[in-house]
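**Student:** Have a look at this one.
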Amino acid sequence: MRRLVVTLSLVVLIGAGWTTARDDDPFTVYAAASLTESFPRIAAGARFQFGGSNQLALQIRQAAPADVFASASPLYTQQLYREGLVERPRMFATNSLVLAVPKRNPAGIRSVYDLAKRPELKLVVAGAKVPVGLYTREVLKRLELLRVLRKAVSQEPDVKGIVGKLALGEADAGFVYATDVRAAAGRLVAIPLPRRSQPTIRYEVAVVRSTKNRAGAFELIADLLGADGRRELARAGFGLP
C-alpha cells in the first residue's frame, strides 16, 4: 500500500508538470570521438558533440554551449581548469593504443616494426594535437620509428577518421584505441604494441563553468562514475580508474 501511494504521488507530480532538472533543460556533452558508442548509453537524454578533444576544448574557449567536457587526454581538461573554464576534472576511464589494420590486412602487417619495412605502406594517423595523435607520436618515439610518419597519407581530426579510412580500405594501418577496434564490429584487427611503448591514456570529465544546467551536468558525472556508468565503460573495453 505504501509503495502504491508513492507511485501515485509521482504520477500526480509528473502530471502537474514536475520533471527532473535533466528533463527541464537537456544538457550538452562535448566528448572525445572514442566515446561515441558508450556515452549515449550512459546519458540517453543528453545532446552530444563528438570530436577531437583539442578541437572541443577550443570550442569551449570560444563559448560553445557545452555543459560537460569529456577528454581523451588530461592535457585539455587541465588546461581549461587552469583557465577557469571548467570545474575540477575527474578521471573516469583508461584506454590503450593499438596498431589497427583492415580485416583482410592486404599489407601483411604483423607488428609495428613492419611499418618501416613496407615501402609502399599507406599509414593513416591523427593530427599532432589530437590525443590519439599525441599518443601515436609518443609510441613511435619510444620505438625509434618516428620516420614512418612520412608514410602517412592523411592526418585525421579524430580517431573515428582513422577507423573509417581503415574500414574502407583506404589505408593499410593506423593507430587507434583498443576500444575503437572493438566498436568496429570485426572490420579491423588490432595488433598489440610492445608494452614498453604503451602510453598512459587517461580520460577526464569536467563540468563547464558557464553551464546553465549545473544539476544535469553533475548528475551525468555521477552516472558516469557510478556502477552503471562503470559497467557500460567496461563493456565497451575501457579500463576503470
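**Student:** In bins 10 Å wide, starting from 0, what share of all Cα pairs of the chain does each bin hold, as a percent?
**Tutor:** Once binned at 10 Å, the Cα pair distances of the chain give 8, 30, 30, 18, 9, 4, 2, 0.
**Student:** To one decimal place, what Kirkwood hydrodynamic radius in Å is obtained for segment 31-95 from all pairs of distinct Cα atoms?
**Tutor:** Numbers: mean 1/r = 0.0823 Å⁻¹.
In segment 31-95 this quantity evaluates to 12.1 Å.
**Student:** Please identify the DSSP H helices in the chain that span no less than 18 Å along the helix axis (Cα) and have a mean Kyte-Doolittle hydropathy of -1.0 or more. Walk me through the intermediate numbers first.
**Tutor:** Values: long enough: 2-15 (20 Å, 1.83).
Flagged H segments are 2-15.
**Student:** Here is a follow-up. Determine Rg/Rh for segment 97-197; Rg is computed over alpha-carbon atoms and Rh is the Kirkwood hydrodynamic estimate from the same atoms. Present the calculation step by step, with values, prior to reporting the outcome.
**Tutor:** Working: Rg = 11.8 Å, Rh = 13.0 Å.
Using Cα coordinates only, the ratio equals 0.91.
**Student:** What is the set of long-range amide H partners of Leu99 at a cut-off below 5 Å, with H atoms built 1.01 Å from backbone N?
**Tutor:** Excluding prolines and chain starts, which carry no amide H, the hits are Ile191, Leu193.
**Student:** What residue among Leu143, Asn54, Leu75 has its Cα farthest toward the positive end of the dipole of segment 27-161, where the charges are +1 on Lys, Arg and -1 on Asp, Glu, each on the Cβ?
**Tutor:** Leu143
**Student:** Right, something else. Would any residue of segment 208-229 have its amide N under 20 Å from a label point 7 Å out along Cα→Cβ of Gln78? List them or say none.
**Tutor:** From segment 208-229, the list is 208-209.
**Student:** According to a simple spin-label model (label point 7 Å from Cα along Cα-to-Cβ), what is the distance in nm between Ala63 and Arg47?
**Tutor:** It is 1.7 nm.
**Student:** Follow-up question, since we're still on this one. Take every Cα pair under 8 Å in the chain that's 6+ residues apart, average their separations, divide by the length, and report that relative contact order as a whole percent. Write down the numbers at each step before the final one.
**Tutor:** Details: 441 pairs, mean separation 71.8, N = 241.
That works out to 30 percent.
**Student:** Can you tell me the Rg and Dmax of segment 162-241, counting just the alpha carbons, in angstroms?
**Tutor:** Both quantities, over Cα of segment 162-241: 16.5, 46 Å.
**Student:** About its Cα centre, how strong a charge dipole does the chain have in debye, to the nearest 20, once Lys and Arg get +1 and Asp and Glu get -1 at the Cβ? Could you put the intermediate results ahead of the total?
**Tutor:** Working: 35 positive and 21 negative charges, 163 e Å.
Around 780 debye, computed over the chain.
**Student:** While we're looking at this one, here's another question. Looking at segment 83-241, how many pairs of lysines come closer than 16 Å at the Cα, when each pair is eight or more places apart or spans two chains?
**Tutor:** Taking segment 83-241 as the scope, the lysine pair count is 9.
**Student:** Once each part is reduced to its C-alpha centroid, what is the distance from segment 220-234 to segment 77-130 in angstrom?
**Tutor:** 24
**Student:** Which of the GluC sites (Glu not before Pro) found in segment 109-205 are in a DSSP loop and have at most 14 neighbouring Cβ atoms, other than their own, within 10 Å?
**Tutor:** Details: sites: Glu120, Glu138, Glu144, Glu170, Glu204; in loops: Glu120, Glu144, Glu170.
Hits after loop and neighbour filter: Glu120, Glu144, Glu170.
Bear in mind that the values in this text are calculations on the coordinates, not laboratory data. No experiment lies behind these values; they were computed from the predicted model shown. All Cβ positions, glycine included, derive from the backbone under ideal geometry; neighbour counts span all protein chains shown.
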